[in-house]
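The values are calculated or read from the model by the stated rules, or taken from the named source; none is laboratory data. Everything quoted here is computed from the prediction, not taken from an experiment. All Cβ positions, glycine included, derive from the backbone under ideal geometry; neighbour counts span all protein chains shown.
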Amino acid sequence: MAIDSSSSSELQASALSLPVLLFVLYISYHLITRALTTTKKNKPTTHGLKSHPLLGHLLEFLKNRHRFLEWSTELIVASPDHRMGFWIPGMRTGIVTGNPADVEHVLRTNFANYPKGEHAAAMLRDFLGHGLFNSDGEQWLWQRKNASHEFSSRSLRRFVVDVVSDEVACRLLPLLRRAADGDGRVVLDLQDVLERFAFDTICMVAFGHDPCCLCLAADDDGGGGWADAKKSEFMRAFGEAQDLIVRRFLDPVEVSWKVKKWLNVGMERRLKKAIADVHAFAMGIVRARRQSASASVDHHRDDVLSRFVASTEHSDEALRDIVLSFLIAGRETTSSALTWFFWLLSSRPAVAARVLAEVRAAREASTGTRPGEPLGFDALRGMHYLHAALTESMRLYPPAPIDSQSCAADDTLPDGTHVGKGWSVTYSAYAMGRLPAIWGDDCAEYRPERWLGDDGAFRPESPFRYTVFHAGPRMCLGKEMAYVQMKSVVASVLEEFVVDVRKEVAGGGVPEHVLSVTLRMKGGLPVQVRRRELAGSAE
Ligand code: HEM
């Protein structure tokens with residue numbers, strides 16, 4: 001039967017109008033529920049942020065996605081309550097805050113109401129399972145209790161110092177010596193070197209495995225001819241899995257990664273392969289450790305895994321997840337902090353000179369050690385100026401620049417602002433480091449002295465103002481280990497070498513960063529190193 005043209009166009013119109021109608025209903029539903037839940041309650045402010053009646057802040061988000069940190073910082077600094085509220089209908093609603101009172105409320109006072117939340121946990125679950133980093137409630141609590149007990153133990157602390165000292169003395173310094181003694185043109189990517197350093201040490205601390213990422217090939221001149229590409233394969237797969245999983249978070253259309261995963265296409269396909277490689281590798285180590293533990297040939301080990309293996313109540317998968325959480329926490333954080341620190345130092349000779357003077361004084365006081373040998377735990381702990389210089393560097397360039405939690409039930413912030421159930425609540429350590437209200441009008445300046453008392457001793461700041469290591473019950477467990485590692489690297493490198501940064505930054509400004517979990521420097525940090533005794537000790 002033929003259909004006349006008028007009925008055909010009616011059909012087309014009705015076929016077209018159905019999705020339009022559904023869309024309108026969908027948006028209306030969200031507008032109405034939002035209006036109902038926030039009427040008469042103090043909505044979060046959105047200073048300087050244009051909201052579209054139907055799309056909320058989606059357009060602004062898409063426009064600024066590539067410069068999220070700078071954009072949110074501008075809004076937070078300009079806003080009187082130091083936070084920005086945002087709303088993308090049907091997808092995300094929440095706040096990004098730089099307000100210390102909000103941070104204290106969310107991370108401590110009403111901690112139970114702000115878990116990581118199912119939304120984030122679901123995105124990370126394929127990779128990190130139910131490990132410490134990706135769990136809430138009871139599941140998080142027992143892992144946290146065990147891990148904090150281990151982290152405060154003297155034997156783990158000693159083990160960390162030994163692992164770091166070995167990596168410095170046997171890998172980092174020989175690599176730099178070869179580069180310095182080369183034909184003078186060897187350019188190293190210091191960020192890559194530091195990431196390899198951090199991966200080796202965290203693997204040793206987490207599961208007693210040495211991936212040897214910083215091992216050089218015997219015939220290399222220091223330019224990065226790594227000993228065995230296969231050994232670095234785990235690091236590569238881990239990095240790829242982490243980078244790809246971050247893309248799930250950056251996609252404003254929440255279901256899109258689920259659809260791609262279900263279809264096994266695009267980046268989800270690559271992610272699946274990278275995760276499978278990481279899991280197979282980690283599982284191999286866990287199983288081998290189980291066997292050697294049951295054969296009682298492994299009782300001298302001090303790494304985190306061996307402590308959890310000792311208890312038989314965890315499945316192999318649970319052990320794998322615990323270990324992967326440590327790897328994700330410790331892998332790129334210290335390397336990011338040190339990369340920005342060496343970049344800052346390159347244009348601040350007075351700070352470098354003060355650090356060097358402190359290192360030399362510590363060396364003199366540490367009888368029985370010579371330059372080229374790592375300094376011990378107490379000597380490192382006594383370096384207050386270096387502690388301040390690193391802390392100040394992370395204030396401006398925090399390794400974990402933002403951190404999100406989810407609101408479990410309607411709540412009110414200390415100034416009366418409403419937070420709705422299901423909203424994301426993100427604090428920006430990056431913006432907080434740039435707030436005159438916290439650090440004064442010179443907040444943009446790099447000034448280690450702001451951390452020192454009149455007696456020259458380091459003065460810590462409230463973790464709700466200096467949020468670099470998180471705060472409250474979920475505060476970073478590896479903070480002390482991170483400082484030991486960073487101080488050991490800086491002291492050993494500066495004592496022996498002058499580091500010349502070879503990075504061209506347009507307009508002499510700040511290098512760009514990669515949008516990832518950690519604040520990585522885009523394009524790495526190219527440097528050349530010279531032996532200090534040849535460069536002259538004044539440098
Ligand atoms: C400069 C270096 C580091 C910085 C700035 C840093 C910062 C942080 C931050 C912001 C968090 C909270 C993350 C979140 O819950 O979303 C965290 C958690 C954590 N960090 Fe660190 N971290 C550093 C190094 C390390 C190292 C070397 C380790 C060693 C293993 C480590 C172990 C952990 C663990 C296990 C957690 C999870 C705690 C929990 O959820 O209860 N961190 N860290």
Within the range 354-380, which residues are away from the ligand (no atom under 16 Å from the Cβ) and either within 19 Å of C476 (Cβ to Cβ) or surrounded by 18 or more Cβ atoms within 10 Å (Cβ to Cβ) (or both)? V355, L356, E358, V359, A362, P374, L375, A379
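Can you tell me which residue is surrounded by the most Cβ atoms within 10 Å (Cβ to Cβ) among those in the range 390-400 that are in contact (Cβ under 8 Å) with a residue 60 or more places away in the chain and in a helix (DSSP H, G or I)?
Per the stated criteria, the residue is R395.
Condition check ((1) touching a strand residue (DSSP E or B) at 6+ places or on another chain (Cβ under 6 Å); (2) β-branched (V, I, T)) across all residues:
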site: P463; (1), (2): no, no
site: Y466; (1), (2): no, no
site: G478; (1), (2): no, no
site: Y483; (1), (2): no, no
site: K487; (1), (2): no, no
site: V493; (1), (2): no, yes
site: L515; (1), (2): no, no
site: L519; (1), (2): yes, no
site: G523; (1), (2): no, no
How many residues, within the range 409-426, are closer than 26 Å to T518 by Cα and away from the ligand (no atom under 16 Å from the Cβ)? 2
Pairs under 7 Å by beta carbon, first residue closer than 14 Å to I438 by Cα and touching a residue at least 40 places away in the same chain (Cβ under 8 Å) in the range 95-114, partner in a helix (DSSP H, G or I) and of a type in the set (A, V, I, L, M), six or more apart or different chains? T97/V103; G98/I76; G98/A431; G98/M432; P100/I438
Failed criterion for V468 (all others in (1) in a helix (DSSP H, G or I); (2) surrounded by 21 or more Cβ atoms within 10 Å (Cβ to Cβ); (3) within 13 Å of the ligand (Cβ to nearest atom); (4) modelled with pLDDT of 95 or more hold): (1)
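Answer yes or no as to whether G420 is buried (at least 18 other Cβ atoms within 10 Å of the Cβ) and either closer than 30 Å to S135 by Cα or at pLDDT 95 or above (or both).
In short, yes.
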Select from the range 477-527 the residues that are without any contact (Cβ under 8 Å) to a residue 24 or more places away in the chain and within 16 Å of the ligand (Cβ to nearest atom) and list them in ascending order. K479
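Taking the residues in the range 425-440 that are of a type outside the set (A, V, I, L, M, F, W, C) and surrounded by fewer than 24 Cβ atoms within 10 Å (Cβ to Cβ) as candidates, determine which candidate is farthest from the chain's Cα centre (by Cα).
G440
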Out of (1) within 15 Å of the ligand (Cβ to nearest atom); (2) buried (at least 19 other Cβ atoms within 10 Å of the Cβ), the odd one out for S152 is which? (2)
Given the conditions (1) more than 13 Å from the ligand (Cβ to nearest atom); (2) part of a helix (DSSP H, G or I), every one holds for W140 apart from (1)
From (1) in contact with a Ser or Thr (Cβ under 9 Å, 6 or more places away or on another chain); (2) part of a loop (DSSP other than H, G, I, E, B); (3) within 10 Å of the ligand (Cβ to nearest atom); (4) more than 20 Å from F342 (Cβ to Cβ), pick out the condition that doesn't hold for P460. (3)
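So in the range 318-353, with the set limited to residues that are of a type outside the set (S, T, Y), assigned to a helix (DSSP H, G or I) and under 10 Å from the mean Cα position of the chain (by Cα), which one is surrounded by the most Cβ atoms within 10 Å (Cβ to Cβ)?
A337
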Under 6 Å by Cβ, and 6 or more places apart or on different chains, what pairs join a residue from the range 200-211 that is among the hydroxyl-bearing types (S, T, Y) with one that is in a helix (DSSP H, G or I) and buried (at least 21 other Cβ atoms within 10 Å of the Cβ)? T201/V163; T201/V164; T201/E167
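Within the range 178-194, does at least one residue satisfy the condition of being part of a helix (DSSP H, G or I) and either within 15 Å of the ligand (Cβ to nearest atom) or at pLDDT below 90 (or both)?
Yes, the range 178-194 has at least one match.
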Going by the structure shown, is W439 within 16 Å of the ligand (Cβ to nearest atom), of a type in the set (A, V, I, L, M, F, W, C) and more than 20 Å from Y114 (Cα to Cα)? no
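Can you tell me which of E449, E504, E495 is of a type outside the set (A, V, I, L, M, F, W, C), part of a helix (DSSP H, G or I) and farther than 30 Å from V96 by Cα?
Details: E449 fails: farther than 30 Å from V96 by Cα; E504 fails: part of a helix (DSSP H, G or I).
Answer to the selection: E495.
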